[in-house]
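Below are the structure tokens for one structure; questions will follow.
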Amino acid sequence: MEVASNGGMLYHEVQESKLCAVHCVNTVLQGPFFSEFDLAALASDLDHRERQMMLEGTDGGGRGGGGVSAAADGDFFSQESHNVSLDGDFSIQVLEKALQVWDLQVIPLNSQAAKPAQFDPESENAFICHLQDHWFCIRKVNGEWYNFDSLYAAPQQLSRFYLSAYLDSLKGFGWSIFIVRGNFPKECPISSAEAPSSYGQWFSPEDAERISKSCNETWDRSPRIDHTDKMVSEIEDADLKAAIAASLMDAGPSMPAAPGVSCQDGSPHKEETK
């Protein structure tokens, strides 16, 4: 029998400022592996490499030939980063670079390489989801799937059957989804005192379930019911319909005061929130 990773505990980070990319990477890895400063350093390195490549292209093509135009390279060589915004939104390249440190590969779900996962997502181990400026991770831990969205107070368990329906609903709302593949860390080698990020907390599956239920019971779901019914109208099974509706209605119980969170239209979209 396989030993449970991290003693069977779940690592979760609750939203801090606009650091959802940091929270996403750390929950994929299941531990406080990266801070915002680590990701910023990776973003700076990527910017430097990209500018060098553009410069080489300019030198090779010349101003009068097929090289980069003065207007184009002037815009690209500006001080503004192409991998991190001023408010802390990181590019997928930064998340990809961070996970590569742990020999993990990030693959777009709509790519040819991800074809099997499109039909059988349960065979994977982790997904990264992105829309506008919000990132979160869906991760299999010790055989069970959890939504580690940092807008939740605790990880939210997803049934294996619901996983596919949930990913489809995210795609329908315009979310970009990526698979993470490779050998995930089995144990977090970083102690709390050494952790570069202090936003996380460890939960037992029982505690995570209790907190999630408590949040759901205190949250007014009524504004979301009509839209949720439309989303699952093609699913005939009444029990499944109710389960999906309940899961979609919990997108934000843990942080009702978070600025910019859109909870009125029933979609999984959180606007202008990191």
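The values are calculated or read from the model by the stated rules, or taken from the named source; none is laboratory data. Remember, it's a predicted structure, so these values are computed and weren't measured experimentally. Glycine gets a Cβ as well: all are built from the backbone with ideal geometry, and neighbour counts include every protein chain shown. For the accessible areas, the whole protein counts, side chains as well, though only heavy atoms, and no ligand, DNA or RNA atoms are used. Shrake-Rupley method; radii C 1.70, N 1.55, O 1.52, S 1.80 Å.
Can you confirm whether the range 27-34 contains a residue that is in a helix (DSSP H, G or I), touching a strand residue (DSSP E or B) at 6+ places or on another chain (Cβ under 8 Å), of a type in the set (Ser, Thr, Tyr) and over 14 Å from Ile92 (Cα atoms)?
Looking for residues that are in a helix (DSSP H, G or I), touching a strand residue (DSSP E or B) at 6+ places or on another chain (Cβ under 8 Å), of a type in the set (Ser, Thr, Tyr) and over 14 Å from Ile92 (Cα atoms), one finds at least one in the range 27-34, hence yes.
Report yes if Asp59 is modelled with pLDDT under 90, open to solvent by less than 30 Å² (accessible area, probe 1.4 Å) and more than 24 Å from Lys140 (Cα to Cα), otherwise no.
No; evaluated as a whole, the condition is false for this residue.
Quick test for you: out of Leu42, Leu19, pick the one residue that is under 14 Å from Lys97 (Cα atoms) and either at pLDDT 80 or above or not β-branched (Val, Ile, Thr) (or both).
Exactly one of Leu42, Leu19 is under 14 Å from Lys97 (Cα atoms) and either at pLDDT 80 or above or not β-branched (Val, Ile, Thr) (or both), namely Leu42.
Quick one: what pairs do we get from the range 159-180, first residue open to solvent by 70 Å² or more (accessible area, probe 1.4 Å), second assigned to a helix (DSSP H, G or I), C-beta under 6 Å, 6+ apart or different chains?
Note: pairs meeting the criteria are Arg160/Glu122.
Table: residues versus (1) out of contact with any Asp or Glu (no Cβ under 7 Å at 6 or more places or on another chain); (2) outside any strand (DSSP E or B); (3) over 25 Å from Gln15 (Cβ atoms); (4) of a type in the set (A, V, I, L, M, F, W, C).
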| site | (1), (2), (3), (4) |
| --- | --- |
| Glu122 | yes, yes, yes, no |
| His130 | yes, no, no, no |
| Phe136 | no, no, no, yes |
| Leu163 | no, yes, no, yes |
| Lys186 | yes, yes, yes, no |
| Pro189 | yes, yes, yes, no |
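Looking at this structure, is Ala153 in a loop (DSSP other than H, G, I, E, B), open to solvent by 10 Å² or more (accessible area, probe 1.4 Å) and not aromatic (Phe, Trp, Tyr)?
yes
Being more than 14 Å from the chain's Cα centre (by Cα), in a loop (DSSP other than H, G, I, E, B) and at pLDDT 50 or above is the filter here; which residues of the range 68-109 pass it?
Selection gives Gln79, Glu80, Ser81, His82, Asn83, Ser85, Leu86, Asp87, Gly88, Val101, Trp102, Asp103.
Follow-up question, since we're still on this one. Would you please name the residue that is modelled with the lowest pLDDT, looking only at residues in the range 189-228 that are open to solvent by less than 30 Å² (accessible area, probe 1.4 Å) and of a type outside the set (Lys, Arg)?
Thr228
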